[in-house]
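Everything below concerns the one structure shown next.
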Amino acid sequence: MTEALETEAEANTRRRAQVRKSLSRRNRAEKRFKMLGLGSVLAAMAFVAVLFGNILTNGLPAFWQFNIDAEVYFDPEIINVPEVPVQQAGQSDADFRAEMLGWQRRLAMVNWNRILVSSVEGALAEAETADGAGTVTEIDTRSAQSIIDSGARFVLRDMVLADPTIIGERREMQLLLSADGDNWAKGKLSRDLPDDRQQLSRAARDAIDLLTEEGIVHRAFAWHIFTNVDSRSSPASAGLAGAFVGSFYMMLVVILLAVPIGVSSAIYLEEFAPKNPFTDLIEVNINNLAAVPSIVFGLLGAAVFINIFHLPLSAPLVGGLVLTLMTLPTIIIATRSALRAVPPSLRQAALGIGASKTQMVFHHVLPVTYPGILTASILGVAQALGETAPLLLIGMNAFVANVPATPMDQSAALPVQIYLWQGNENRNFFEERTFAAIIVLLALMILLNALAIWLRGRLERKA
Amino acid sequence: MNATPDTSPMGANRIIPSAPASSAGAESRISARDVTVHYGEKQAIFGVSMEVPEKSVTAFIGPSGCGKSTFLRCFNRMNDTIEGCRVGGEITIDGEDIHRPSLDVVELRARVGMVFQKPNPFPKSIYDNIAYGPRIHGLVKSKAETDALVESSLKKAGLWKEVSDRLDQPGTGLSGGQQQRLCIARTIATGPEVILMDEPCSALDPIATSIVEDLIHELREQYTIIIVTHSMQQAARVSQKTAFFHLGKLIEYGETEQIFVNPREKQTEAYITGRIG
């Protein structure tokens with residue numbers, strides 16, 4: 001009896017020691033795993049921080065471009081055009097329109113550069129007076145012209161077009177510096193390079209330095225990035241408006257097609273389709289489609305929509321269709337898993353009370369899956385928004401300096417614009433622009449994702 | 001494990017009582033003849049036959065996995081929703097086969113309501129929980145009619161006093177016992193003739209359980225109730241007739257008092273006294 005008791009006590013002690021030993025092993029393993037997890041989270045956050053830091057430091061300066069405050073004299077000698085035509089009594093509309101067009105053509109042929117050059121000269125004279133040094137900087141026409149963005153010509157022309165009475169007046173204006181001028185003012189060009197390797201002449205460089213010193217050339221927020229279309233002749237005024245509207249149309253097509261088609265297919269497959277080898281095949285195919293590289297969808301789009309259906313090249317409609325194909329499997333798979341997550345008790349409750357299958361799905365199952373379906377749809381759309389590769393294959397990498405009026409017009413798209421700008425030969429200027437475009441695209445995506453999270457929260461609270 | 005109809009002495013037909021205990025003159029409205037259920041290859045119910053009397057409570061008891069819930073779900077064809085489930089034999093309500101092709105299962109489920117093991121109110125307001133069934137079946141035309149039906153259903157389920165001031169609140173915000181009574185009210189609202197209850201109190205505490213049991217007791221006067229329970233005390237308290245299932249077979253069916261006091265079958269006795277189960 002005593003012996004038995006002892007052995008039992010011994011056994012207990014031994015067991016406890018064993019448990020303690022294994023416990024410390026388990027604790028170590030747990031600690032290791034926690035550290036590993038924490039480490040990966042920190043690493044991921046560090047990568048994101050580096051990425052965003054890099055993009056922001058590179059891209060934000062592009063939103064402030066150098067401008068020159070100059071007095072523009074709409075010299076009637078240079079703008080040598082007759083009075084703006086007025087429709088006479090008895091003049092037909094067609095005749096008047098022809099006359100107006102002739103007038104506008106004359107206006108377009110005016111040597112606007114001469115006005116710009118004299119504006120620069122005026123600004124320079126003003127700077128010299130203010131500087132007080134009295135050094136008279138002679139600037140040749142070519143150098144003066146190279147300071148200002150060539151797009152300024154069209155700004156002046158449009159001002160006269162809008163209001164012909166402006167001719168003969170003087171206006172204080174803020175004119176955009178050319179890409180080279182902006183680079184120089186931002187200090188992105190080396191000042192040690194000899195003249196023959198500089199993009200601007202010595203006179204132009206000195207003029208910019210003097211004007212900057214006097215505050216006549218200064219930074220201003222570059223709103224035109226959002227309102228202008230892409231431009232090659234006047235890169236400083238190039239903007240994202242065309243690409244933005246193109247992307248908007250594509251997203252519209254994706255939302256109108258991919259979301260309803262994807263959600264309905266998911267509902268049918270999950271709730272109504274019989275289980276047989278055929279539906280199994282469909283399911284496998286959908287899963288495979290989700291893994292198909294996006295560029296393949298671009299090839300498919302080129303082959304089907306452009307070659308067979310003869311839809312126009314570079315059109316947001318085609319881009320939207322291709323992106324719809326790409327987004328469909330994502331939306332179907334996410335919607336199906338949202339439907340599958342609905343507890344069977346809810347289905348039983350509905351069926352038990354005599355609801356038909358359709359009523360069960362639409363009155364009870366779908367409402368509780370709205371948050372999931374919505375999130376899936378918005379994430380799918382956001383993914384489509386950033387997709388570049390398939391768009392290259394349907395001609396959306398063409399240079400289009402237009403805001404598309406309809407989804408059938410030629411257009412650029414935001415990610416493709418980024419691709420085009422990063423390949424632009426004027427690296428000094430377009431590197432910054434590329435990052436600026438990336439910021440705009442990322443901001444849009446963050447906005448879309450925030451919308452998804454907000455809507456999800458709202459719907460979940462309601463449910 | 002074969003699917004031959006149950007012709008053994010344990011067969012139910014042999015022990016159908018001649019005079020039901022509840023109200024005098026009640027007729028058997030539900031009758032099951034030789035019902036079998038297969039889940040794929042596996043047979044769950046072996047040739048069960050029974051007559052369920054009208055306006056009384058019939059309890060199904062038996063150990064876990066004995067098929068009592070499966071058999072219960074045959075009466076409103078809930079087994080149709082389970083993949084690979086096949087039901088054989090014949091079940092009639094008022095002499096009409098519930099598997100006949102001309103019968104829409106939706107119509108059947110409006111007549112045969114069901115209350116589930118876990119309270120499962122819709123994630124909607126209390127009002128909408130009750131009003132949903134009558135609305136889809138077209139039983140109510142106006143708002144006033146719906147209001148009246150919601151009120152009477154909640155009153156029958158003994159929930160009106162507790163929730164009358166918060167009908168617009170979500171049904172899922174109620175306590176477990178209240179939720180289950182809401183589910184019963186929801187079932188009543190569609191005006192069923194039969195109510196199936198699948199272990200309705202298994203997720204409830206003793207107080208909520210006794211409230212629901214009292215409710216079942218009252219409902220008996222208007223509805224034919226079949227209740228599956230794993231609690232023999234509950235079966236003894238609420239039912240007039242009791243059926244004991246074991247391994248997919250109906251072992252014994254009779255007056256509740258007789259089953260508990262004087263079981264004829266050895267297996268019934270063993271289960272009741274706690275030796276199997």
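Name every residue in segment A:393-411 that is surrounded by 17 or more Cβ atoms within 10 Å (Cβ to Cβ) and within 19 Å of A:A241 (Cα to Cα), in order of residue number.
Of everything in segment A:393-411, those that are surrounded by 17 or more Cβ atoms within 10 Å (Cβ to Cβ) and within 19 Å of A:A241 (Cα to Cα) turn out to be A:G395, A:M396, A:N397, A:V400, A:V403, A:P404, A:P407, A:D409, A:Q410, A:S411.
Could you list all residues from segment A:159-208 that are closer than 15 Å to A:S143 by Cβ and in a strand (DSSP E or B)?
Result: A:L177, single match.
Condition first: over 27 Å from B:H246 (Cβ atoms), more than 9 Å from chain A (Cβ to nearest Cβ) and open to solvent by 50 Å² or more (accessible area, probe 1.4 Å). Now tell me which residues in segment B:89-104 satisfy that.
Matches in segment B:89-104: B:D94, B:G95, B:E96, B:R100, B:P101, B:S102.
So which residues in segment A:206-252 are among the acidic types (D, E) and either in contact with a Ser or Thr (Cβ under 8 Å, 6 or more places away or on another chain) or over 14 Å from A:M396 (Cβ atoms) (or both)?
Result: A:D206, A:D209, A:E213, A:E214.
Can you find a residue in segment B:155-163 that is within 14 Å of another protein chain (Cβ to nearest Cβ), open to solvent by less than 10 Å² (accessible area, probe 1.4 Å) and at pLDDT 90 or above?
no
If we scan segment A:75-90, do we find a residue that is out of contact with any Asp or Glu (no Cβ under 9 Å at 6 or more places or on another chain) and assigned to a helix (DSSP H, G or I)?
No, every residue in segment A:75-90 fails to be out of contact with any Asp or Glu (no Cβ under 9 Å at 6 or more places or on another chain) and assigned to a helix (DSSP H, G or I).
Looking at segment A:224-250, which of the residues that are of a type in the set (A, V, I, L, M) and open to solvent by less than 20 Å² (accessible area, probe 1.4 Å) is nearest to A:Q65 (Cα to Cα)?
My answer is A:A236.
Going by what's in this entry, would B:R86 be described as more than 9 Å from every other protein chain (Cβ to nearest Cβ) and part of a strand (DSSP E or B)?
So B:R86 fits the description; yes.
How many of the residues making up segment B:209-242 are part of a helix (DSSP H, G or I) and of a type in the set (K, R)?
Number satisfying all stated conditions: 1.
For segment A:191-248, enumerate the residues that are touching a Phe, Trp or Tyr at 6+ places or on another chain (Cβ under 9 Å) and acidic (D, E).
Answer for segment A:191-248, where residues must be touching a Phe, Trp or Tyr at 6+ places or on another chain (Cβ under 9 Å) and acidic (D, E): A:D209, A:D230.
Would you mind stating whether B:T229 is buried (at least 23 other Cβ atoms within 10 Å of the Cβ), modelled with pLDDT of 90 or more and of a type in the set (S, T, Y)?
yes
Can you find even one residue in segment A:368-389 that is of a type in the set (D, E, K, R) and within 14 Å of chain B (Cβ to nearest Cβ)?
No: zero hits.
Of the residues in segment B:164-208, how many are open to solvent by 20 Å² or more (accessible area, probe 1.4 Å), assigned to a helix (DSSP H, G or I) and more than 14 Å from chain A (Cβ to nearest Cβ)?
Residues flagged as open to solvent by 20 Å² or more (accessible area, probe 1.4 Å), assigned to a helix (DSSP H, G or I) and more than 14 Å from chain A (Cβ to nearest Cβ) within segment B:164-208 amount to 3.
When you scan segment A:294-302, do you find a residue that is open to solvent by 80 Å² or more (accessible area, probe 1.4 Å), in a helix (DSSP H, G or I) and farther than 27 Å from A:G242 by Cα, even just one?
No, there is no match, as no residue in segment A:294-302 is open to solvent by 80 Å² or more (accessible area, probe 1.4 Å), in a helix (DSSP H, G or I) and farther than 27 Å from A:G242 by Cα.
Under 8 Å by Cβ, and 6 or more places apart or on different chains, what pairs join a residue from segment B:105-124 that is at the interface with another protein chain (Cβ under 7 Å from one of its Cβ atoms) and farther than 10 Å from B:R186 by Cβ with one that is assigned to a loop (DSSP other than H, G, I, E, B) and among the acidic types (D, E)?
From residues that are at the interface with another protein chain (Cβ under 7 Å from one of its Cβ atoms) and farther than 10 Å from B:R186 by Cβ, there are no pairs.
Filter segment A:164-223 for residues that are of a type in the set (F, W, Y) and open to solvent by 50 Å² or more (accessible area, probe 1.4 Å) and give the result.
Correct list: A:F221, A:W223.
Restricting to segment A:343-367, what's the tally of residues that are surrounded by fewer than 18 Cβ atoms within 10 Å (Cβ to Cβ) and either away from every other protein chain (no Cβ under 13 Å) or in a loop (DSSP other than H, G, I, E, B) (or both)?
Number of matching residues: 2.
Quick one: which of A:I332, A:I286, A:I308 is open to solvent by 70 Å² or more (accessible area, probe 1.4 Å) and within 23 Å of A:L256 (Cα to Cα)?
A:I308
Across segment B:48-77, what is the number of residues that are free of Cβ contacts under 8 Å to residues at least 40 places away in the same chain and either of a type in the set (A, V, I, L, M, F, W, C) or within 12 Å of chain A (Cβ to nearest Cβ) (or both)?
Of the residues in segment B:48-77, 1 are free of Cβ contacts under 8 Å to residues at least 40 places away in the same chain and either of a type in the set (A, V, I, L, M, F, W, C) or within 12 Å of chain A (Cβ to nearest Cβ) (or both).
Looking for whichever is more than 18 Å from A:L257 (Cβ to Cβ) and touching a Lys or Arg at 6+ places or on another chain (Cβ under 8 Å) here; the options are A:T434, A:T375. Which one fits?
So the residue among A:T434, A:T375 that is more than 18 Å from A:L257 (Cβ to Cβ) and touching a Lys or Arg at 6+ places or on another chain (Cβ under 8 Å) is A:T375.
The values are calculated or read from the model by the stated rules, or taken from the named source; none is laboratory data. Nothing here was measured: the structure is a model prediction, and the numbers come from that model. Neighbour counts are summed over all protein chains in view; Cβ atoms, including those assigned to glycine, are modelled from backbone coordinates with ideal geometry. When the accessible area is computed, the model is the full protein with side chains, heavy atoms only, and any ligands, DNA or RNA have been set aside. Shrake-Rupley method; radii C 1.70, N 1.55, O 1.52, S 1.80 Å.
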